[in-house]
Amino acid sequence: NAGVTQTPKFRVLKTGQSMTLLCAQDMNHEYMYWYRQDPGMGLRLIHYSVGEGTTAKGEVPDGYNVSRLKKQNFLLGLESAAPSQTSVYFCASSYSSAGDAADTQYFGPGTRLTVL
Amino acid sequence: AQSVTQPDIHITVSEGASLELRCNYSYGATPYLFWYVQSPGQGLQLLLKYFSGDTLVQGIKGFEAEFKRSQSSFNLRKPSVHWSDAAEYFCAVAPSSNTGKLIFGQGTTLQVKP
């Protein structure tokens, strides 16, 4: 049981390049989330998904797209990277099929992205 | 709008001393409240959560937190800090009952002196 895994762990991009971050969970969780973490700002929600085939915008969605084609995977895409997207990205998942806001979110180890 | 404030950005305590990390929230209804810990280079791990019942919540690693509705606070405490507790601590609130979304505070970095 690996929990939540993220690929890659580190990446350096040039402005305008694209990339996809992969999040995978093996806990059969319904809910998945993408956050970015910047110094002094805590974690901010980018996009989330409440089930396979569904996605929704979070607090800071601009410049990102997501897809949830399979229940266990949640992909975060940057179509044209900008220096402002330099950050640490965390994926999380929770069971919450009944929409219980008290359910625990389990976090991946993070992806450190630098955009030059 | 819902928000979470952690007034202390950095805290330094001596090993063996007691610890209290502050968290204040702004939310109209009864919130669901969480404390997470992030060790350097790692993801976040849940320490404890409150959603109803006893206002004093026990968590892992010897931590506890007390929900005080009158003060809109959910402060984290530990009676005796260990060097391994050095990490960043995040308070979070769940404002919605059907998405599980969390709003995080800015975080408090804890340094432990030998």
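Values quoted throughout were computed directly from the atomic coordinates according to the rules given, and no laboratory measurement underlies them. Treat the numbers as computed from the prediction; the structure is a model and nothing was measured. In this analysis, Cβ positions are derived from the backbone assuming ideal geometry, glycine residues included, and neighbour counts consider all displayed protein chains.
Mind telling me which of the residues B:SER84, B:SER52, B:SER70 ends up being within 9 Å of chain A (Cβ to nearest Cβ), among the hydroxyl-bearing types (Ser, Thr, Tyr) and not in a strand (DSSP E or B)?
Only one candidate passes the filter, namely B:SER52.
Restricting to region B:22-36, give me the number of residues that are assigned to a strand (DSSP E or B) and within 11 Å of chain A (Cβ to nearest Cβ).
Adding up the residues that qualify gives 4.
Can you find, within region B:87-100, the residue that is surrounded by the fewest Cβ atoms within 10 Å (Cβ to Cβ) among those that are part of a loop (DSSP other than H, G, I, E, B) and without any contact (Cβ under 8 Å) to a residue 60 or more places away in the chain? Even if it seems obvious, please write down each step before you answer.
Step one: of region B:87-100, the residues part of a loop (DSSP other than H, G, I, E, B) are B:95-100.
Within this subset, residues satisfying the condition of being without any contact (Cβ under 8 Å) to a residue 60 or more places away in the chain are B:96-100.
Numbers: B:SER96: 13, B:SER97: 13, B:ASN98: 11, B:THR99: 20, B:GLY100: 27.
Within region B:87-100, the match that is surrounded by the fewest Cβ atoms within 10 Å (Cβ to Cβ) is B:ASN98.
Go through A:THR55, A:THR5 for me and flag whichever is more than 26 Å from B:GLY107 (Cβ to Cβ), within 14 Å of another protein chain (Cβ to nearest Cβ), assigned to a strand (DSSP E or B) and of a type in the set (Ser, Thr, Tyr).
On the way: A:THR5 fails: more than 26 Å from B:GLY107 (Cβ to Cβ).
None of the others qualify; the one that does is A:THR55.
When you scan region A:24-34, do you find a residue that is surrounded by fewer than 20 Cβ atoms within 10 Å (Cβ to Cβ) and either facing chain B (nearest Cβ under 8 Å) or under 12 Å from the mean Cα position of the chain (by Cα) (or both), even just one?
Within region A:24-34, one or more residues are surrounded by fewer than 20 Cβ atoms within 10 Å (Cβ to Cβ) and either facing chain B (nearest Cβ under 8 Å) or under 12 Å from the mean Cα position of the chain (by Cα) (or both).
I'm checking my understanding of the structure. Among residues of region A:61-76 that are more than 20 Å from B:GLY43 (Cα to Cα) and in contact (Cβ under 8 Å) with a residue 24 or more places away in the chain, which one is surrounded by the most Cβ atoms within 10 Å (Cβ to Cβ)?
If we take residues in region A:61-76 being more than 20 Å from B:GLY43 (Cα to Cα) and in contact (Cβ under 8 Å) with a residue 24 or more places away in the chain, then A:VAL66 is surrounded by the most Cβ atoms within 10 Å (Cβ to Cβ).
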